[in-house]
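All of the numbers you see were taken from the coordinates with simple rules; none came from a lab. Everything quoted here is computed from the prediction, not taken from an experiment. Positions of Cβ are backbone-derived with ideal geometry, glycine not excepted, and every protein chain shown enters the neighbour counts.
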Amino acid sequence: MRESKFIKNLLIFLAGAFLFVMLIMPLILVAKEALAKGFDVYIKSLTEPFALKALYLTIEATILAVILNTIFGIASAWLLTKFDFRGKTFLGSLIDLPFAISPVIAGLFFIMLFGRMSPIYSILQEYDIAIVFAIPGIILATVFVTFPFITRELIPVMENQGRSEEEAAATMGASGWQIFRYVTLPNIKWALSYGIILCSARALGEFGAVSVVSGHIRGKTNTLPLHIEILYNEYNFTAAFAVASVLVFLAIIILILRNIVENAGKENKIVEISNDCNSDNTNINSQTITSQN
């Protein structure tokens, strides 16, 4: 027992020390450096035009990426869990591709697909459509690196749900939209919310793919991570850490939301299990009474 207690305390100490060095200390240093020259300089760094433009572009790319990935995530998870078809395993593996390759490679992929070396570049130029080194390229890159998150949160839940409820609703004449709204969505709402939060967190901090396709055009195609890099390379450390504190603040908000959703999902699951147990006990009691009569 003493050895077990010693190991337990040692593991707690190591975990706490690791979190302090890797998480708490960086947060403290960011706050310290951001306010190194006073609060007025901090506010000025956040409200200057390039910083505001980078913030707006980051939020725009994040919102659009989350909307598109929510639609794709629900559709792909429904396809993979509710239907059987050839190539199903391959499609499931393909969805995980952004987890396996570097975001920089993803950015290069879009450069090759829509840049000067692309076979469709002349068509894009003819219609004055700019993809790379423009906002559409940033959105595409953000969508690509974040699209597995929602799908991967939904698939286990929808597999556990099975197909019986949807099939029963279909036999009763419900349309596809009614089946999704009244049968599927209530069962996946917590997993969907959790996936959206993870997708948002990843989109806000995306650097590699966006860095390749953005062109680093200050005030036009720079997101917050890219703006921080420029400020740091210019030795404007106070402004760089001030802008970084915004991402830290957003990350903390997302972490709080994630914990709220996670706890709500657990409580909802406990309530469902309790209701199922009570329903089973009621059925058993009714059957016992019936047999006795």
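Available extension along the chain between L19 and F83 is 18.7 nm, counting 0.36 nm per residue and deducting the alpha carbon span. The angle separating the long axis of helix 185-204 from the principal Cα axis of greatest extent in the chain is about 20 degrees. Spatial offset of segment 206-251 relative to segment 65-80 amounts to 29 Å, using the alpha carbon center of each. Based on the Kirkwood radius over alpha-carbon pairs, what value in µm²/s does the Stokes-Einstein equation return for the translational diffusion coefficient of the chain at 37 °C and 0.692 mPa s? Estimated diffusion coefficient is 144 µm²/s. For segment 208-265, what does the relative contact order come out to in percent, with C-alpha contacts under 8 Å and a separation of six or more? Relative contact order for segment 208-265 comes out at 21 percent. Computed from the C-beta positions of Y121 and K266 and an R0 of 35 Å, the FRET efficiency is 0.10 to the nearest 0.05. One decimal place: the segment S175-F50 gains 40.1 nm when fully extended, by the rule 0.36 nm per residue minus the C-alpha distance.
Note: relative contact order over the chain, using C-alpha pairs below 8 Å and six or more positions apart, is 29 percent.
Among the chymotrypsin sites (Phe, Trp or Tyr not before Pro) in segment 1-98, those located in a DSSP loop and surrounded by at most 15 other Cβ atoms within 10 Å of their own Cβ are F83, F85. Over segment 1-100, the ratio between the Cα radius of gyration and 2.2 N^0.38 Å evaluates to 1.86. Put in line by how crowded their Cβ is, counting other Cβ atoms within 10 Å and starting with the fewest, E153, E48 read E48, E153.
May I ask for the angle, rounded to the nearest 10°, between helix 237-292 and the longest principal axis of the chain, with both axes built from Cα atoms and the value confined to 0 to 90°? Tilt relative to the chain: about 0 degrees.
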